[in-house]
Amino acid sequence: MTESVLKAGLIGCGRIGAFTRPELRDSLPAGWLPLSHAEAMRATSGYELAALCDVDAQLLDKAAVAHEVAHAFRDYREMVRVARPDVVSIATRTAGRCDVIEYIAQRGVRGVHVEKPISTSIADCRRALATLQSNKTQITYGALRRFMDVYRKAREMVRAGEIGELIQIEAQMGRTLLLWNHPHSVDLLLYFAGTVQVEYVWAHCTFQEGAVQSADLVDDDPLVEQAVIRFSNGVTGCISSVSGFGLVLYGSKGAIIVGANGAWIDRRVSGPNHSPEPTERIIPQVAVSGRVRAYQELRDAVLSGTPCSISTAEILQGQRILMAIAASSLRGGASLRLDEVSEDFVVSGKFGANFA
Ligand SMILES: NC(=O)c1ccc[n+]([C@@H]2O[C@H](COP(=O)([O-])OP(=O)(O)OC[C@H]3O[C@@H](n4cnc5c(N)ncnc54)[C@H](O)[C@@H]3O)[C@@H](O)[C@H]2O)c1
């Protein structure tokens, strides 16, 4: 759309930043690849990946060679001061991520692509998004499925009324961790629900022993057994423990299933007297990967003000839902309005020796 080239910097040169795990290359459907920030950035027109940053010197050198980047920094502040990127991509772990966002927004960076989850609390998320807004810094987010052609096609089908009125959305990510995996589930629910207004959330999680340190601190990344998010328009979002990376959209006249992590779409429409019609399988054409689309949108937002397909309201609401899932479970599976969850409630994201 333009010949301007944005100078980009990447902070965090680990697996998702610079080195896609080899087994993912063989197993992920087309809409996922290129996945790493560095690869996807280099595959998107309108960017020059000009600077890398990682606190790990060895990894930084390896990434600089692999991605042919001349400028490498151990400190992101120095990277921003010296390399002066227009756009920064953040692929560090969650702790401290909002400090990075605030720092770069306050120093003239015009666009940022941020890994999920954005933070470990609502307060941090709100603060970081407010700083982006007051500095007019654009953002796209690492909940990538909403940027992929297959999920976009499924949403078009729902909006065209192909399964009647949307009733329920089920995200099937398996029995897995709240902050590590369910930012994806929650974002899918928000993407399909047709509103960000939530009536209540209830959930059941399993916490590690000793993880609940106080009413405002869970030192854990809880396993989500089940969660229900009731939207104000009557659509129910469900996070189940069913595995397979499926998304099932139930409507009044049938269902659409996005299967195998976005490899295909099945449409099952009810015939006369509710008898099922044969299932139709659709394999949408994939133009670019979700990450490349996120960078394209960010580029266009920075250069010409075109709104990105994820809003800061959706990012904030996603974070509030994640926190409400943990909070509901701590209160015995109570139905919680989002304003009943303290903005200072922290879920650290710790699992084993690792953090989300
Ligand atoms: N969107 C997706 O599909 C997806 C997939 C996997 C991981 N993730 C998310 O991406 C994040 C990173 O995951 P990963 O598996 O790549 O982790 P990783 O540990 O492999 O990489 C993180 C890198 O950030 C570096 N780092 C940490 N703090 C830094 C700082 N202050 N300055 C510079 N570098 C710093 C670390 O040294 C490390 O190399 C996680 O939050 C995870 O949830 C997203």
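In the calculated pair distance distribution of the range 192-337, what percentage of Cα-Cα distances lie above 25 Å? Walk me through the numbers before you get to the answer.
Numbers: 5103 of 10585 pairs.
So the portion of pairs separated by more than 25 Å is 48 percent.
Taking the range 4-106, which GluC sites (Glu not before Pro) meet the DSSP loop condition and have no more than 15 other C-beta atoms within 10 Å?
Glu68
Pop out the carbon and sulfur fraction of the accessible area of the chain as a percent, whole number, probe 1.4 Å.
Working: 7240 of 14870 Å².
C and S fraction of accessible area: 49 percent.
I'd like the distance between the alpha-carbon centres of the range 274-328 and the range 199-219, rounded to an integer number of Å.
Between the Cα centre of the range 274-328 and that of the range 199-219, the gap is 27 Å.
Distance between Cα centroids, the range 67-88 to the range 94-115: provide it in whole Å.
Cα centroid to Cα centroid, the span is 13 Å.
Measuring with a 1.4 Å probe in the full set of protein chains, what accessible area per residue, in whole Å², belongs to the chain?
Values: 14870 Å² over 356 residues.
On a per-residue basis, 42 Å².
Please figure out what share of the DSSP beta bridges in the chain is antiparallel and state it in percent, rounded to the nearest 5.
60 percent
Stokes-Einstein diffusion coefficient for the chain at 10 °C in a medium of 1.306 mPa s, Rh from the Kirkwood formula over Cα pairs: what value in µm²/s?
76 µm²/s
In Å³ and rounded to a whole number, note down the convex hull volume per residue for the Cα atoms of the range 154-241.
Convex hull of Cα atoms, per residue: 93 Å³.
Kindly state, to the nearest 0.05, the FRET efficiency for Arg77 paired with Ser232, given R0 = 35 Å and r defined as their beta-carbon distance. List each step's numbers first, then the result.
On the way: r = 42 Å, r/R0 = 1.19.
E between Arg77 and Ser232, to the nearest 0.05, is 0.25.
Work out, step by step, the length gained on full extension between Glu199 and Gln285: first 0.36 nm times the residue separation, then minus their alpha carbon distance; give nm to one decimal.
27.3 nm
Ordered by residue, what ³J(HN,Hα) values in Hz, to whole numbers, does the range 322-329 give under the Karplus form 6.51 cos²θ - 1.76 cosθ + 1.60, where θ = phi - 60° and Gly and Pro are x?
So the J values, rounded to whole Hz, are 4, 5, 5, 4, 5, 5, 4, 5.
Full extension from Asp61 to Arg159: what is 0.36 nm times the residue separation minus their Cα-Cα distance, to one decimal in nm?
Gain on stretching Asp61 to Arg159: 30.5 nm.
The values are calculated or read from the model by the stated rules, or taken from the named source; none is laboratory data. Values in this document were obtained by computation on a predicted structure and should not be read as measured data. As a convention, Cβ positions derive from the backbone with ideal geometry for all residues, glycine included, and neighbour counts pool all protein chains shown. Ligands, DNA and RNA are excluded from the accessible area calculation, which covers all protein heavy atoms including side chains. Shrake-Rupley method; radii C 1.70, N 1.55, O 1.52, S 1.80 Å.
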